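Let me begin by presenting the structure, written as C-alpha cells, before commenting on it.
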Amino acid sequence: MADQFDVIEAGERGRRRWTGLVVVLALLLIPVVGLLVSRDPEPVPEAAPASRTPGPIRSLTTLDNVPNLLSVPARSKGGDEVIQVVFPHGVRAEVRYPAELGLAEMGSRPFRAGWIDGMFRQFVAPYGGEAEVTRGGRPLRNYAPNVTLWPRQAGSGQYGQVLLFAFGPWRLAMYDRGQGLTFEQRKTVAEGLKGRVTKDGYLVLTAQGGVQLAEPGEHVQGEPVGPQLWFGGGAGEMVALVPTPDCGKQARMPGAIERPGRRAEMVCRGDVLVAAIGPPSFRAKAISGIRVALT
C-alpha cells in the first residue's frame, strides 16, 4: 500500500513531485469547472417597458432606474399642472398642483391593506420594484401563477417572508409579520387578491374569498389603511393622497409619510387627505397648492 504513494517521491524526485501535484490539481479542478459551466444564469429583474409620450395606454415607466412607478402626462393650466389619477379602489380624481412640485415626474404607486381570515396585512408597491424583494435570488415557492414567496429580508425587523404579486407590470409585496400566515392562508390571499390595470396604467385591486380590503376612512392602530396613492418615495420627497370621508374629523397621518426625525404635514381637501414629507419649501407648496377633485 505504501508503494502506491512512494511512486511520487521515488526516482527523479523534483520532476515527479511536480508531476504528481499537477495531476492532483487537475483532478480537483474538473468538478469545479463542471459546476461553473452547469450553473443556471442569474435571474435578471424584469425590465420596465419603455415609456410612450403620449398614448392612450401607458404602462410603468422607468424613473431614475425605479421601475415600480407610474408617470402619466400632465396638462398645463395657468401656472399649475393637472393629472388624472385612479385610486386602487377604482375611484377617479383630478389632481391640480403647482408645476414646480412635479408630481407627474415623481410618479405614483398604489397602496391597499386588508384582512386575511381576520389577520391584518398591507399590500405595498416597493419603490425599487421587483428587485427590492428578489435581490436576484429565487423564490421559495409559488402560490399562484402570479404570486411567489420570498425569504425574510435582512434588517426587516418584525417582518417575515414576503409574498410578491404580479399584476401586469406592477409588483406588490405583502410583508408577513410575526409567526406569519399559514400555508392555507397564503393560498387564500394569493387566489383572492385580484388586480386589473386601467387603460392609463393605474392598478385597481379587488378581493374575494377570505380576503377583505380596507375601505376609505378605515384605520388600524391610529393609521389610515384605506386605498392610497403615493407620489415619490425612497429617501426623497413624498406625497400621499388618501380618500377620507369626513376628512376634517377622520384625518390621521399615513404611516408611509410619518418617519422618525423628519417633519411631515397634512391637510384635508374635501374628502381627500393630502400629506407630504420633504424640505420645508416642498411641504409648503404641497400643502397649500394641491387640489383633488373626486370624479
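General remarks:
- D200 vs. criteria acidic (D, E) and touching a strand residue (DSSP E or B) at 6+ places or on another chain (Cβ under 8 Å): yes
- The single condition from (1) over 24 Å from N68 (Cβ atoms); (2) of a type in the set (K, R); (3) buried (at least 16 other Cβ atoms within 10 Å of the Cβ) that K249 fails is (3).
- Some residue of the range 164-184 being surrounded by 18 or more Cβ atoms within 10 Å (Cβ to Cβ), out of contact with any Lys or Arg (no Cβ under 9 Å at 6 or more places or on another chain) and farther than 14 Å from F111 by Cα: yes
- A single entry from V95, V85, V72, V66 fulfils the requirement of being β-branched (V, I, T), modelled with pLDDT of 50 or more and under 30 Å from G209 (Cα atoms): V85.
- For beta carbons closer than 9 Å, sequence separation of 6+ or different chains, a first residue in the range 199-210 that is among the aromatic types (F, W, Y) and a second that is part of a strand (DSSP E or B), the qualifying pairs are Y202/L70; Y202/V85; Y202/V86; Y202/R92; Y202/S108; Y202/P110; Y202/L229.
Here is a yes/no grid of residues against (1) more than 21 Å from G192 (Cα to Cα); (2) at pLDDT 95 or above; (3) surrounded by fewer than 17 Cβ atoms within 10 Å (Cβ to Cβ):
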site	(1), (2), (3)
T206	no, yes, yes
A214	no, yes, no
Q221	yes, no, yes
V225	no, yes, no
G234	yes, no, yes
V239	yes, yes, no
P260	yes, no, yes
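- Pair list, Cβ under 6 Å, 6 or more apart: the range 107-126 residue free of Cβ contacts under 8 Å to residues at least 60 places away in the same chain, other residue polar (S, T, N, Q): P126/N68
- Residue in the range 105-119 that is surrounded by 20 or more Cβ atoms within 10 Å (Cβ to Cβ) and assigned to a loop (DSSP other than H, G, I, E, B) present: yes
- Residues that are surrounded by fewer than 21 Cβ atoms within 10 Å (Cβ to Cβ) and among the acidic types (D, E), drawn from the range 67-82: D80
- Selection count where residues are among the hydroxyl-bearing types (S, T, Y) and closer than 22 Å to G232 by Cβ, scope the range 126-155: 1
The values are calculated or read from the model by the stated rules, or taken from the named source; none is laboratory data. What you are looking at is a predicted structure, and each value in this text was computed from that prediction instead of being measured. FYI the Cβ positions are ideal-geometry reconstructions off the backbone, even for glycines, and counts take in every protein chain you see.
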